[in-house]
Structures are given as C-alpha cells and as structure tokens.
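The values are calculated or read from the model by the stated rules, or taken from the named source; none is laboratory data. Predicted model only: the values in this text are computed from it and were never measured. When we count neighbours, we look across all protein chains shown, and the Cβ atoms used for this are built from the backbone with ideal geometry, even at glycine. These area figures cover heavy atoms from the full protein model, side chains too; ligands, DNA and RNA do not enter into them. Shrake-Rupley method; radii C 1.70, N 1.55, O 1.52, S 1.80 Å.
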Amino acid sequence: MALARIARTNMRRRSGSAFGSYASVNDTFYGIAYTPLCPLQSNVYFKANDKFSHIPGIKEQNHLNFSMRGISGTPHYQHSSANTPRVAEVSETELEHEEPRYAGLEATKASEKPRVVVLGTGWAACRFLKGLDTEIYDVVCISPRNHMVFTPLLASTCVGTLEFRSVAEPVSQIQDALAKNPNSYFYLASCTGIDTDKHEIYCEVVNHGELPYEPYQFKVAYDKLVIASGAEPLTFGIKGVKEHGFFLREVNHAQEIRKRLLLNLMLSENPGISEEEKKRLLHCVFIGGGPTGVEFSGELSDFVMRDVHERYTHVKDYVHVTLIEANEILSSFDLSLRQYAMKHLTKSGVHLMRGVVKEVHPKKIVLSDGTDVPYGLLVWSTGVGPSEFVKALNFPKSPGGRIGVDEYLRVPSVEDVFALGDCAGFLEQTGRRVLPALAQVAEREGKYLVELFNKIGKQNGAKAFCSKDIPFGDPFVYRHLGSMASVGRYKALVDLRQSKDAKGVSLAGFVSWLIWRSAYLTRVVSWRNRFYVPMNWATTLVFGRDNTRIG
Ligand SMILES: Cc1cc2nc3c(=O)[nH]c(=O)nc-3n(C[C@H](O)[C@H](O)[C@H](O)COP(=O)(O)OP(=O)(O)OC[C@H]3O[C@@H](n4cnc5c(N)ncnc54)[C@H](O)[C@@H]3O)c2cc1C
C-alpha cells in the first residue's frame, strides 16, 4: 500500500513535469522548488523532453493512463463534464508498473518562442490568427474543423446559389505559420479540459477510426491561451429537434440540407406518391425568424420560383416554404424594415406563421396550440447559447453563461487565458453588456486581441506568467456598424442604427441588396474566395442553380 502511494506520487510528479514545467507554484521538479518566472528574469530552467513527446508504446495508452497524468484532482483543472469518463479506477499493481505515456507538446523552454494556443477556427480565432506576429510567437490552433466558415453566405449554399467551397477558408491559408513553421501546428481535435495551474489543455481527436485507439487524447502546454470555441444552437430542450431537424452553422449542415431538399424533390416525383405525401415531402419549414431564417427563406423561395419551376415542373405546385416564429421576425431590425420583409416574403410565397414549437416528430411538428405541421425538411435556428464545453469550464460566467471576461478580454480569475467571440461575454462587474453573437463582434474582438498580444510580445510579456505587470493600454470597445439581411429576389435590408432604440439610416430594396452583396464580398477573407463568390453569383444568374444531388 505504502509502495503504491509513493508510485502514485512520483507518477504525478513525473507526468506533470515531463510534460510541462508550468506546474503550480507549490509543485517541485526533481527536488527543486519551482516558482514560475519570466525567462529574462531567471536562469531556472527545467528539463524538457522532445518537442512532441509521442512516447513509444502509445498504442497501449488507455483512459486510465491519461487520467493519472495530473488531469484529475488538480483544483484548477477545468474539464468538460461531457468528457469525464477518464477518471477511472486503477489497481495498485498497475500504478507500480505502468509508466506514464502520452503524446503532447510540453511547455516552451526559455530559449524558445512563447506558444499561443488558439481554440477554434471561427470568426474570432481566424481574425486573431491572421494578425499574429509569428516572429514573436509560435502558434498551435486546435479545432474540430480545419477551416473558417463565412457564415453570412452559408444560406446561399443550401440551394446552390454558391458552391460550398466558396464559403470555407482553410485555416492554414489564413495563418500559414500553421503549415510552415517548425513549432506551429494545427490539430484537428476538440479541447475537453484546461488546467490553468499547469498551463495545459487536454484534447480529444475528432476520430475517424484511423488512429491507433479511441478516444485519441493529448495535451498541449501554453504560454497564452485564446478560447474562441463559439456557441451552440439553442433548442430549449424541445423533444425531437436534434434528432429530426437540421441546424445551419457548418458547411456540412448546408450540404445535408441541400441533399435532403433535392432528395425530396426527386422522391415526390415517383409514381404512387399520394397528394398528401407529396405536400409533406415538399414542405420546407424553418423555425426562427432571425436574420438566418429570413435569409434562408428568401433563398429557398428564389430557388422555388426560378429553378424548381423550370426543372421540377411535375411537382412545382406542391413546394411550400413556412417560417415559424414565436414573436416577431427580425426583432432587432427597424420597424419599417420588418414590415418590408414580411410583405416581401409573403409575396414570394413564404408562409409566415406565429407559433411555439412543442415537439418535433420525424414527419411533423406539434405547436403548443395543438396544431400539427407536417414537413419534409426542417431547419432550426432559434439563437445560440453556451456549448457543453463552455458550461463545464469552472470559470466565472457572464450573464447568459458565457466565459466571463474583463474589458481586455482576459479571464480575470486565472493568468494567461483570454476568451472572445460567441463563447465570451463581459462579466457583470465590468458594467458592460454582453455583446450579441455576431461575426462583426467576434472579428473585432479578434483584431483587438491580436494587437494586444503583439504589443505584449514586444514588451517581453509573451511567456507564461509574464504579462502581469505590462500595461494593456486601451480596453476593447465595440461600435455596432449596423445589420443587413437579404430577403430574396434581389432585395435586402440595411439597418445602420447603432442599437435597437437609436435613430439612423435604414434602407430596403434593390440598392440595399447591392450594398449587402458588396459589403460581404469585401469581407470574404481570401482572394481565392473573392474570385469564387462573384463567379458563382454570375453562373447562377446565367445558368440557374446547380441541382445535382451528389452523395
Ligand atoms: C447561418 C449563419 C449566418 C450568420 N450571419 C451573420 C451575419 O450576417 N452577420 C453577423 O455579424 N453574424 C452572422 N452570424 C453569426 C456569426 O457567424 C457568429 O457570431 C460567429 O461565427 C461567431 O464567431 P466565433 O469565432 O465566436 O465562433 P464560430 O465562428 O462559431 O467558431 C467556433 C469555432 O470553435 C470550434 N470549436 C468548438 N468547440 C471547440 C472545442 N471544444 N475545442 C476547440 N475548438 C472548438 C468550432 O469548430 C469553430 O471552429 C451568422 C451565423 C450563422 C450560423
């Protein structure tokens, strides 16, 4: 028993130290008391392993090994509850004989560049990555997808107005150090936990059955951590939404929606399909009357009026689009724009319906007043809320449950951790309101934070625990530039008011549509997509939308 306890203690020490020297202040390393110091202030360095310590025999790694590597039991360890089965029972014999084996990036040495770890490849993360001075920093980006999605144009891909590739930007083209620099990497994985004492994060690979074992896990030590992991769609716990509805947040969601739409069009043409079944198959229902719902309905009605009428003439009269909203559509827009949108959508054949969804069945929705709404395609977009990952992090939260940050986008309760975009919100004590979940907020925060990082880096504050005494300068200030939404048939809304109750310019119609298109074209990140997007628009205008169903 005593032997086992010693083994366990040593193991923890070995695992914490071999992996990274940023152990907690009270930790010891080979008998030396460790107080974290900035490299220029200290000559105390720690033994470090190879850069990427993929230990031989890793095939034999199991949950148990991982859980024993200092992950569990650390007070500041923030682990996603959705991924907690790693804390496993372990026999003392195993403790005595098993060497800790794991893969990961250890803490940077004083002679190395500081490492920024970025979680996510969305608007916030990509704007940050784009501006990062890679002469100062090495960067490791971790995300379950290797590209950024240009979300404002995502609805256009569902019906073939744009190709899917036109709204996806590979992250290694946004920050080429990820592909080129020897100590910078992109890892296709999700972060599942953070140990803020050790300055380490824990990740799980999005496995495709190709790796030696599942789940494939690793650690990465950071000098600075940037959390930009976004938000998740809200479903309010309504039964059946996740099982039967589609969300529209990723390129693969748009692909699935397009496939279902085209499949239903083709299935409804088969002989023997009843009138009622045809109507159901071709009833496209969108839940949520925000900008995404309105833009999607507009795109769909364009597709129906032009392409379905030309290419699916047998069933064209059965196709219907319904937009269901519990309150008012486009509630954040100016009243005159809302009225314009309602009139325009109704004229385009979109049925606007007030209602609250009670439950979703495979072929019908039940509303709270008992109405049944049969559907063939259901798309759900009723806002976003904190992800399971964010919920499980033991950081102070902002109103609404996002990661709480101060006016410099720092997580103030811990050192060297920053959060931005949809996953972050100002703490109540800052006296600031939580900003809306918008690309323009995320992008502006990314720009602000990267400038701050480059400044800190130049003042020798980039290493872990080194930026405490550096003045951060001006806090982040957000100024809303306005909102836009297309409503189909070459019409759009442009609302340039700074807030819902402020006065300002608001336009609707063809000119607004031109503004909408030009504004988004200038925001498209790469020159490749700045070329693809107008080419796709021109192709659609001349030849119509592509209705090939592949896959
Ligand atoms: C269809 C649609 C249209 C929109 N249109 C507009 C618009 O016109 N104008 C506007 O201002 N806003 C718009 N938005 C909102 C805007 O897209 C979001 O506010 C924005 O994407 C937020 O950026 P973000 O970087 O915080 O998060 P996201 O862009 O959502 O990125 C989050 C990233 O984190 C990754 N991630 C998630 N979990 C983990 C984890 N555990 N570990 C590591 N990585 C993780 C994700 O894979 C993703 O790469 C739209 C959104 C949608 C869905």
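General remarks:
- Other-chain or far-sequence residues with amide H under 5 Å of residue 193's (modelled H): 80, 202
- Computed over protein heavy atoms with a 1.4 Å probe, the carbon and sulfur contribution to the accessible area of segment 439-551 reaches 60%.
- One Cα centroid belongs to segment 295-352, the other to segment 136-163; the line between them spans 26 Å.
- Charge dipole magnitude, Cβ of K and R +1, D and E -1 - segment 115-235, Cα centre, debye nearest 20: 240
- Evaluating 6.51 cos²θ - 1.76 cosθ + 1.60 at θ = phi - 60° for every residue in segment 420-436, the Karplus couplings come out as 7, x, 4, 7, 10, x, 5, 5, 4, 5, 6, x, 9, 7, 5, 6, x Hz, glycine and proline recorded as x.
- For segment 130-230, radius of gyration divided by Kirkwood radius, i.e. Rg to Rh on alpha-carbons: 1.02
- Separation between Cα centres of segment 168-227 and segment 424-484, rounded to whole Å: 22
- In this structure, the pairs whose alpha-carbon distance is over 30 Å, taken from 239/447; 259/500; 109/458, are 239/447; 259/500.
- Summary of the geometry: segment 270-291 and segment 517-551, compared by the centres of their Cα atoms, lie 27 Å apart.
- The peptide list 346-359, 106-119, put in order of mean Cβ contacts within 10 Å with the highest first, becomes 106-119, 346-359.
- Relative packing of 391-401, 125-135, which averages over residues the other C-beta atoms within 10 Å, highest first: 125-135, 391-401
- Of the peptides 474-485, 489-500, 142-153, 270-281, the ranking by mean beta-carbon count within 10 Å, highest at the top, reads 142-153, 489-500, 474-485, 270-281.
- Residues whose amide H falls under 5 Å from that of residue 222, counting only those 5 or more places apart or on a different chain, are 200, 201, with hydrogens built in the peptide plane.
- The phi torsions of segment 251-268, fed into the Karplus equation with coefficients 6.51, -1.76 and 1.60 and a -60° offset, translate into couplings of 4, 5, 5, 4, 5, 5, 5, 5, 4, 5, 4, 5, 4, 5, 4, 6, 4, 5 Hz, rounded to whole numbers, with Gly and Pro shown as x.
- For segment 195-206, the Karplus equation 6.51 cos²θ - 1.76 cosθ + 1.60, evaluated at θ = phi - 60°, returns couplings of 10, 6, 5, 7, 6, 10, 10, 10, 10, 10, 6, 6 Hz by residue, with Gly and Pro reported as x.
- Taking amide H as placed 1.01 Å from N in the peptide plane, the amide H of residue 405 sits under 5 Å from that of 425, 426, 427, each at least 5 places away or on another chain.
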